[in-house]
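A.B. asks: Pasting in a structure now, in structure tokens, and then I'll have a few things to ask.
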């Protein structure tokens, strides 16, 4: 198969080379035909007007000057003749010749122009014009290819335009072309047996015993015959293509060179196909990778890498399809006082806590568990083929110690609250299990957080009364500030952030620099600090202090700070304050 492909490429290669050089030559021949036709049309017009052929010169005639300029730009054109035929058959005309392509045409008027033309030029009657076989030019003394365009006036031949192309010039042009490494191109007669080479422009008959045809093939539509000859033991491939003037353009090269070029082309194509295959495979890998990443982004939480809400729905649907009444446990949990982590240590710390909890849950419950982040600090876990009793054992172990995460090189801790419902005892549908796990979570928070409870029916009634610290801090009618004796802020609720004109907790931390003293008007700072110091000596005393504060945009506000100070074993004396703007006090 590979040999057949290679052989086909060989034929196509040399055939293509012959066609390329043939088309280049034909373009030049067409240009000669068009220019001669233009000159003939002009000559016919002059004859119809009755102008005497010896009454004009090319240099004084704009049309013939254009003809001369066109031929001057064609190196192969060495002579052209513009002739009229008298009633007695005598040929009169203007002959233009030049010794070389670099010379200008010399013009002369002759009364017997036929003596200057190749045989048969004056007898051409084909109105479309005709090309003559290569012949010796009497005017030039060299082999030429002649094109003759008759002038027909009133149905009679009254003149002609003849153009002579130097065969040596054409041969030189062809033999300068690259045909593989040592091959060459040349012209031959219509039979392909008379070759016209630069060293043999008169033509040489190649029908000799040393050149024997050993193979013939036809490529494409038959425009070029591809033959293989053996010449003195060396194999040559030859292709020829018919030219516009009835000759044949021939290219020939050693068969080994044609083989090498064809195989190089074939290997190049194989290489291209291989590269295309590799690129396609690489593209498929890239697209597959992107689809995998897109799938992961669609169904997984961007921060923690576990299932997101959409992924949870997908995973639960798959589980439900194969569960078939098997036991399972559905859990809902969140981080206790997660807002305090964000407010006191920053959102970056909160993110680390979320990632640590996701990793802990995935590792602790194993690969069969469905672990998802619903949003914020809320997580959902489904344990397939797990009973309520087994879940109690697992959660006892999980919550026995506080959860940990690392932030800024230090280990931090947090606790979690969790509620769970077991199937089928606490519910058979996902909706029931989810609702009952939520009720158990609220019950856990109502008992003080940091633990877990299983669903019980009485929890439904208590759910509406379950309030967390977050509920209280966000809904109390005032801004809440918690800080240590040295002024370091431990907590600030959203109302306090808004009171000081800040849009986010992060902006408030930047504005306050983490110190409560920076919030007080400079003129009131000493008085308020002294009041706090005096209060610290009294146990569980609550005081109210009026002062001014300065917001982020420089606005001064009058407020009342209601403070209670409580000793803390870890942080010392801690001040708990509610700050109310005086214009808002009834």
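A.B. asks: Identify, from the list 174, 167, the residue that is under 15 Å from residue 250 (Cβ atoms) and either without any contact (Cβ under 8 Å) to a residue 24 or more places away in the chain or under 50 Å from the mean Cα position of the chain (by Cα) (or both).
C.D. replies: On the way: 167 fails: either without any contact (Cβ under 8 Å) to a residue 24 or more places away in the chain or under 50 Å from the mean Cα position of the chain (by Cα) (or both).
Every option except 174 fails the conditions.
Yes/no matrix, rows are residues, columns are (1) at pLDDT 85 or above; (2) assigned to a strand (DSSP E or B):
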position	(1), (2)
96	yes, yes
101	yes, no
115	no, no
118	no, no
125	no, no
128	no, no
163	yes, yes
172	yes, no
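A.B. asks: Conditions first: (1) part of a helix (DSSP H, G or I); (2) surrounded by fewer than 17 Cβ atoms within 10 Å (Cβ to Cβ). Residue 312 passes all but one, so which condition is the exception?
C.D. replies: (2)
A.B. asks: Spot the failing condition for residue 160; the list is (1) buried (at least 20 other Cβ atoms within 10 Å of the Cβ); (2) over 58 Å from the mean Cα position of the chain (by Cα); (3) more than 21 Å from residue 78 (Cβ to Cβ), and only one is missed.
C.D. replies: Residue 160 satisfies all of (1) buried (at least 20 other Cβ atoms within 10 Å of the Cβ); (2) over 58 Å from the mean Cα position of the chain (by Cα); (3) more than 21 Å from residue 78 (Cβ to Cβ) except (3).
A.B. asks: Any residue at all in region 48-66 that is modelled with pLDDT of 75 or more, surrounded by fewer than 13 Cβ atoms within 10 Å (Cβ to Cβ) and part of a helix (DSSP H, G or I)?
C.D. replies: no
A.B. asks: Only residues in region 394-414 that are assigned by TED's automatic domain parsing to the domain that holds residue 384 count as the first member; pair them with residues that are modelled with pLDDT of 90 or more and assigned to a loop (DSSP other than H, G, I, E, B), Cβ under 6 angstrom, at least 6 apart or cross-chain, and list the lot.
C.D. replies: Filtered contacts from region 394-414: 402/415; 413/402.
A.B. asks: Can you pull out every residue in region 420-453 that is part of a strand (DSSP E or B) and under 21 Å from residue 360 (Cα atoms)? So that I can check it myself, show each step before the final result.
C.D. replies: Just the residues of region 420-453 that are part of a strand (DSSP E or B), to begin with: 420-423, 451-453.
Scanning region 420-453 gives 420, 421, 451, 452, 453.
A.B. asks: Looking at 549, 579, which is the one that is at pLDDT 90 or above, in the same structural domain as residue 500 (by TED's automatic domain parsing), surrounded by 15 or more Cβ atoms within 10 Å (Cβ to Cβ) and closer than 13 Å to residue 482 by Cα? Talk me through it step by step, then tell me what you get.
C.D. replies: Numbers: 549 fails: closer than 13 Å to residue 482 by Cα.
Checking each option against the conditions leaves just 579.
A.B. asks: Considering only region 205-247, state which residues are part of a strand (DSSP E or B), in contact with a helix residue (DSSP H, G or I) (Cβ under 9 Å, 6 or more places away or on another chain) and modelled with pLDDT under 50.
C.D. replies: 217, 218, 219, 224
A.B. asks: Now a separate question. Being in contact with a strand residue (DSSP E or B) (Cβ under 8 Å, 6 or more places away or on another chain), loosely packed, with under 12 Cβ neighbours inside 10 Å and without any contact (Cβ under 8 Å) to a residue 12 or more places away in the chain is the requirement here; does residue 106 meet it?
C.D. replies: yes
A.B. asks: State whether the residues of region 187-196 include one that is touching a strand residue (DSSP E or B) at 6+ places or on another chain (Cβ under 7 Å), at pLDDT 85 or above and in a strand (DSSP E or B).
C.D. replies: The answer is yes, given that some residue of region 187-196 is touching a strand residue (DSSP E or B) at 6+ places or on another chain (Cβ under 7 Å), at pLDDT 85 or above and in a strand (DSSP E or B).
Listed here are the residues, each with its yes/no results for (1) surrounded by fewer than 20 Cβ atoms within 10 Å (Cβ to Cβ); (2) not in a helix (DSSP H, G or I).
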{"residue": "353", "(1), (2)": "no, no"}
{"residue": "373", "(1), (2)": "no, yes"}
{"residue": "400", "(1), (2)": "yes, yes"}
{"residue": "411", "(1), (2)": "yes, yes"}
{"residue": "418", "(1), (2)": "no, yes"}
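A.B. asks: Scan region 132-157 residue by residue and report those that are surrounded by fewer than 20 Cβ atoms within 10 Å (Cβ to Cβ) and assigned to a strand (DSSP E or B). Steps first, answer last, please.
C.D. replies: Within region 132-157, the subset surrounded by fewer than 20 Cβ atoms within 10 Å (Cβ to Cβ) is 133, 135-136, 138, 140-142, 152-157.
Answer for region 132-157, where residues must be surrounded by fewer than 20 Cβ atoms within 10 Å (Cβ to Cβ) and assigned to a strand (DSSP E or B): 135, 136, 152, 153, 156, 157.
A.B. asks: Now for a separate question. Among the residues of region 316-351, which ones are part of a helix (DSSP H, G or I) and free of Cβ contacts under 8 Å to residues at least 60 places away in the same chain? Please lay out each step first, then the result.
C.D. replies: Start the filter on region 316-351 by keeping residues that are part of a helix (DSSP H, G or I), which leaves 316-323, 338-345, 347-351.
Within region 316-351, 317, 318, 321, 322, 348, 350, 351 qualify.
A.B. asks: Hey, among the residues in region 508-521 that are touching a strand residue (DSSP E or B) at 6+ places or on another chain (Cβ under 8 Å) and not in a helix (DSSP H, G or I), which one's farthest from residue 485 (Cα to Cα)?
C.D. replies: Going through the qualifying residues, I end up with 521.
A.B. asks: Out of all the residues in region 319-351, which are surrounded by fewer than 20 Cβ atoms within 10 Å (Cβ to Cβ) and farther than 23 Å from residue 301 by Cα?
C.D. replies: 321, 322, 323, 324, 325, 326, 327, 344
The values are calculated or read from the model by the stated rules, or taken from the named source; none is laboratory data. Small disclaimer: the values here were computed from a predicted structure and weren't measured. Note: ideal-geometry Cβ built from the backbone for every residue, glycine included; neighbour counts use all protein chains shown.
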